[in-house]
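Visitor: Provided herewith is a single structure, encoded as structure tokens, for subsequent inquiry.
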Amino acid sequence: MSFGKEQLAVMEWGEGPGVLGVHGWNSRGLRFSHLIKPLLDSGYRVVVFDAPAHGRSSGSHLDLMQYARAVSTIAERTGPFYGLLAHSFGAAASLLAFERGLRVEKIVFLSALNGIQGPIRYLTHRAGMPENLAHSIQACFEKRFKRNLASLEAINLVPRLNLPPSLICHDRHDPILPFCNAQDLARVWKDSRLLMTNGVGHQGILDDPEVVRQVVSFITG
């Protein structure tokens, strides 16, 4: 599928109400493989895609705004969608796609990234950068995105959006994104349910049989 100067690899199976999968950073659409078959068996149509510069899609880089536009483009051309599944970085991009007008009936976030302020603080701290340099990096992002980074945080976005019910899945010991991310998200998402796992990790949550069962039950229920 064309996306500006790039081509997005899109995969689609089944018939019935549509479910869109939005993968995380350094991943690909087929990362949802453990969820695809149960949804197909339940009578749903499933669409996944590789983000720009990921998997079989073309491109040399990916940023949050570009990913949000890609999610919106996929939804416009292959929708409508009843449900959306998003993992990690894909959750942050999906929230911005909802801000742009995307609509579904149910949302599942797995190991969700709530924004990019946290990762910037984490990386600059790990690298031992002085505080003024960390502020300069944030200013560069804000100049590129043409908006304040605080406005991209889920805790600020979610209350402003008319979002459907959600299932928020997160591992208590996620080594990439702390569990408090999920708690913060559930706190501001009025109609949400938090599913905590214990030891499956940031990526393994997509493969865990109980998570798969709960996600499919939530979508089909």
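Visitor: With a point put 7 Å past each Cα toward its Cβ, work out how far K190 is from H34 in nm, to one decimal.
Guide: Placing both labels 7 Å along Cα→Cβ, they lie 3.4 nm apart.
Visitor: How far is helix 117-126 tilted off the main Cα axis of the chain, in degrees rounded to 10, range 0 to 90?
Guide: So the inclination is approximately 60 degrees.
Visitor: Moving to a separate point now. In nm, to one decimal, how far is the C180 label point from the E105 one, both placed 7 Å along Cα→Cβ?
Guide: 3.8 nm
Visitor: Please give the length that would be gained between M65 and R147 if that part of the chain were fully extended, namely 0.36 nm times their separation in residues minus their C-alpha to C-alpha distance (nm, one decimal).
Guide: Length difference between fully extended and current span is 28.4 nm.
Visitor: Before rounding to the nearest 500, sum -39500 (n - 2.57) across all DSSP H runs of length at least 4 in the chain and divide by the residue total; then give [θ] at 222 nm in deg cm²/dmol.
Guide: Calculated from helices alone, the mean residue ellipticity at 222 nm is -12000 deg cm²/dmol.
Visitor: If you roll a 1.4 Å probe over segment 21-116 with all protein chains in place, what percent of the accessible area is carbon or sulfur?
Guide: 48 percent
Visitor: Could you check the spin-label model distance between R77 and R160? Points 7 Å from the Cα along Cα→Cβ, value in nm.
Guide: 2.8 nm
Visitor: Right, another one. Cross-link partners among lysines for K190, C-alpha distance below 16 Å, same-chain residues fewer than 8 apart left out?
Guide: K106
Visitor: What fraction, in whole percent, of alpha-carbon pairs in segment 53-94 exceed 16 Å separation?
Guide: Pairs farther apart than 16 Å: 40 percent.
The values are calculated or read from the model by the stated rules, or taken from the named source; none is laboratory data. Since we're looking at a predicted model, the values are computed, not measured. Note that each Cβ is placed from the backbone with ideal geometry, even for glycine, and that neighbours are counted across all protein chains shown. Each accessible area value is taken on the protein alone, full model and side chains, heavy atoms only, with ligands, DNA and RNA left out. Shrake-Rupley method; radii C 1.70, N 1.55, O 1.52, S 1.80 Å.
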